[in-house]
1. Could you list, in sequence order, the residues of region 157-202 that are of a type in the set (Val, Ile, Thr) and either at pLDDT 90 or above or part of a helix (DSSP H, G or I) (or both)?
2. Would you please list the contacts, defined by Cβ atoms under 6 Å and residues six or more apart or on different chains, that run from a residue in region 136-152 that is hydroxyl-bearing (Ser, Thr, Tyr) to a residue that is assigned to a helix (DSSP H, G or I)?
3. Just to be sure before I move on: is Val41 surrounded by fewer than 21 Cβ atoms within 10 Å (Cβ to Cβ), touching a residue at least 60 places away in the same chain (Cβ under 8 Å) and under 18 Å from the mean Cα position of the chain (by Cα) in the structure I sent?
4. Might you let me know whether region 142-156 holds any residue that is modelled with pLDDT of 95 or more, under 17 Å from Val79 (Cα atoms), among the small types (Gly, Ala, Ser) and out of contact with any Pro (no Cβ under 6 Å at 6 or more places or on another chain)?
5. Among the residues of region 81-102 satisfying the criterion of being closer than 18 Å to Ala47 by Cβ and in contact with a helix residue (DSSP H, G or I) (Cβ under 9 Å, 6 or more places away or on another chain), which is surrounded by the most Cβ atoms within 10 Å (Cβ to Cβ)?
Amino acid sequence: MRGAFAREVTMTFRSLAPGFLIASPPLGDPNFDRTVVLVAVHNEDGALGFVVNRASRLVLGELLELAGYERGHEDASKVWVGGPVQPQSGWVVSDDPEITGRGVIAVGQRLRISSSRAAFDEVARDATEPGDGGVRRLVMLGYSGWGPGQLESEIARGAWLPTPLDERVLFDCAAEDRWERAYALVGLTPGNMISMRTVGEA
């Protein structure tokens, strides 16, 4: 009986990657309040994601200097807090489907994520020798992680709203607008969600 149940669970599992998780208002967790999380990996073993609308205190030039790069220290581009797990780890989200290799996470058709030195070499190079702007990137510190079944449980409690992936939310709107822009992907606003939760709790 247990084996049959396990097969049923496996068959009904639906990955949310690639996609976004939008924090429901109010979430109650200061690490994720009003955040949009890019879901990079989601399977039976858990989930991996990156907050894309919370800026770090460091700017890119400071991060490159701390990482030992001799150039690029003047770059004032924002660095993002990807999540509370391993906050000293660095990650690069690139809008470049040509990036391949060991340790590269493919997120949808275009996005690639890597924590490799080679990825940061590219970031440092572009900081000192800007090209034609063809490759858009977000640099992250830390990540967000969920164990087996944890994310599904949080969604069931109403903590998160899953939505489709749309690269325009990442690269074509200001960080302060990404939360509401992500809600708009499914025709909602944060106010709608508050009203829906209020009705449900009545």
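The values are calculated or read from the model by the stated rules, or taken from the named source; none is laboratory data. Worth saying up front: this structure is predicted, and the values here are computed from it rather than measured. Using ideal geometry, Cβ is built from the backbone for each residue, glycine included, and neighbour counts are taken over all protein chains shown.
1. Matches in region 157-202: Thr163, Val169, Val186, Ile194, Thr198, Val199.
2. none
3. yes
4. Scanning region 142-156 turns up at least one residue that is modelled with pLDDT of 95 or more, under 17 Å from Val79 (Cα atoms), among the small types (Gly, Ala, Ser) and out of contact with any Pro (no Cβ under 6 Å at 6 or more places or on another chain).
5. Val93
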